[in-house]
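Reading through the structure tokens given below for one structure.
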Amino acid sequence: MMRLMFAMIFALSAAGLGAQEPDALEYADSLLSAGDLDRAEEVFSTYLVAHPGSTEAHLGRATARSWSGRFDLALQDYSAVFATLPEDPSALIGSGYAHAWAGRLDEGKRLFGALLERDPSNFEAKKGLAYAALWGGEAAIAVQLFEELASQFPTQSDSHAGLAEALMAARRPERARVAARRAEAIAPGRTDLHWIERTARRAPSPFEVSLTAGRTMFDGRAGADPSPIGIRSVDVSVRPSAALTFYGQYDNGISVDTRALAIGGRSVPTYRLAASGVWGGRMITRVGGGTRSLPGGDRQTLTELDQAVVLGSVGLGAGWTGIFSAQGRQEHAARLGATWVPNPGWEISATGHLRAVPDGSNGMTGVLTVTRRLHAPIDVTSGVAFGRTADTGLAQREVFAHIVARLWAGNGLTLTARRQFGAGVDPFTAVAAGMTVGLGRR
């Protein structure tokens, strides 16, 4: 949506757009404004056959091509403009954004800076520099630049819209909501900032503690009394910056979801520490480790590594977990998955898991999930898992549902229901509920 707005700005800022042939160029401009980019490019191209030197048509076609993601073709049109008008402001702005959208942020900054040297008060150039910082993962710098822009141009809706985006990237959701509302108050018709409100109400706090309690009920075999209600997990998250998060976890799931341990009243909690970082604007890396002691004094250590990359609306991830026993036994688990976010209200993901154990078959599991994000800060995730267990190679199935409601400034409740069954597992039904409390300025 933001790119469409830029496209409209570029088209409308081209001086004398319909000066030579009003009907054709005005029609192309209307197509551009309506988002019919292929048709707009076709009309501009047809016009250029008869008027090859038309600056207006080259600028219009370049805008259509930039928004379509054909940045190099757009730059050819901008070069045609520079050949006759080397300091044309619209071409400098347009080519700056084309380079920035293509990931060539330094070149984009250079072009925005070149325009500012000649016109120090140029709004679009200053906005371009701020967005280049934001897209380059420099959230703090982007916030500073957009704050200056909003101070200098308080009646420009885009000043506050950009500030809202930068504040979200810097994990300042409450301030982002205020900036987004200012932008919408100035331009009531814009809808591209609705995601700010939706996302801000779900944003985590700098320091969070989550407690989950639940009960597991095994199917009716002799001695298969349900696990008593108890604590399943305690999670602590610390976020010193927008790009870095530390985690700590107490997880007692293996104790209550394993029949022999649950019936015997044995507690085998796992303790984990992890850290995740966001870098390069689209890369997410998570590393961690943990420890637990199984019955019989078998102490195990866990090592985990996950890497994800975000490519527009698609995220790709891969991970590995190693379990190393003091008795020399090793297990390894690998995972590979993809997530698709078609719009702010939906998320669909698929992940494959491969678990290798000594003296046994490899376990394989596929997990499919669908998440519905309501306009209120409530997310409902449902999914299925299917595959075979690692030790026996027999079938394992699961269906589950998970609800997260962050109703009070990031604080909220969770509810989870699971049903696991199949020849390779002890079937059970588990329910759990939790609470998350956050501290610190959001």
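The values are calculated or read from the model by the stated rules, or taken from the named source; none is laboratory data. Quick caveat: nothing in here was measured; it's all calculated off a predicted structure. Every residue, glycine among them, receives a Cβ derived from its backbone with ideal geometry; neighbour counts consider all protein chains shown. Protein only, heavy atoms only, side chains kept; ligands, DNA and RNA dropped before computing areas. Shrake-Rupley method; radii C 1.70, N 1.55, O 1.52, S 1.80 Å.
Worth a mention:
- Thr369 being open to solvent by 30 Å² or more (accessible area, probe 1.4 Å), at pLDDT 95 or above, within 17 Å of the chain's Cα centre (by Cα) and of a type in the set (S, T, N, Q): no
- Qualifying residue in the range 105-119 (condition: touching a Phe, Trp or Tyr at 6+ places or on another chain (Cβ under 9 Å), surrounded by fewer than 24 Cβ atoms within 10 Å (Cβ to Cβ) and outside any helix (DSSP H, G or I)): no
- Of the residues making up the range 25-53, those that are of a type in the set (A, V, I, L, M) and exposed (fewer than 14 other Cβ atoms within 10 Å of the Cβ) are Ala34, Val49, Ala50.
- Hey, Val209 open to solvent by 30 Å² or more (accessible area, probe 1.4 Å) and not in a loop (DSSP other than H, G, I, E, B) or not: yes
- Scanning the range 325-353 for residues that are aliphatic (A, V, I, L, M) and crowded, with 16+ Cβ neighbours inside 10 Å turns up Ala333, Val341.
- Scope the range 218-237; condition at pLDDT below 70, more than 18 Å from Ile254 (Cα to Cα) and not hydrophobic (A, V, I, L, M, F, W, C); matching residues: Arg221, Gly223
- Filtered residue count, the range 372-400, keeping only those that are open to solvent by less than 50 Å² (accessible area, probe 1.4 Å) and more than 22 Å from Gly422 (Cβ to Cβ): 4
- Thr291 touching a strand residue (DSSP E or B) at 6+ places or on another chain (Cβ under 8 Å) and open to solvent by 50 Å² or more (accessible area, probe 1.4 Å): no
- Test for Ala275: is it small (Gly, Ala, Ser) and touching a residue at least 12 places away in the same chain (Cβ under 8 Å): yes
- Check on Leu302, touching a helix residue (DSSP H, G or I) at 6+ places or on another chain (Cβ under 7 Å) and buried (at least 17 other Cβ atoms within 10 Å of the Cβ): no
- Any chance Ala180 is touching a residue at least 60 places away in the same chain (Cβ under 8 Å) and closer than 24 Å to Arg239 by Cα: no
- Scan of the range 19-72 for residues that are within 13 Å of Gly94 (Cβ to Cβ) and over 28 Å from the mean Cα position of the chain (by Cα), ordered by number: Leu32, Thr55, Glu56, His58, Leu59, Gly60, Arg61, Ala62
- In the range 58-70, the residues that are open to solvent by 30 Å² or more (accessible area, probe 1.4 Å) and in contact with a helix residue (DSSP H, G or I) (Cβ under 6 Å, 6 or more places away or on another chain): Arg61, Trp67, Ser68
- Test result for Ser79, surrounded by fewer than 22 Cβ atoms within 10 Å (Cβ to Cβ), closer than 30 Å to Gly113 by Cβ, modelled with pLDDT under 85 and touching a helix residue (DSSP H, G or I) at 6+ places or on another chain (Cβ under 9 Å): no
- Only one of the listed residues (Ala417, Ala390) is of a type outside the set (Ser, Thr, Tyr) and under 31 Å from the mean Cα position of the chain (by Cα). That residue is Ala417.
- Among the residues of the range 180-192, just one is modelled with pLDDT under 90 and closer than 20 Å to Ala376 by Cβ, namely Thr191.
- Of the criteria (1) crowded, with 22+ Cβ neighbours inside 10 Å; (2) under 20 Å from Trp195 (Cα atoms), which one Ala91 fails: (2)
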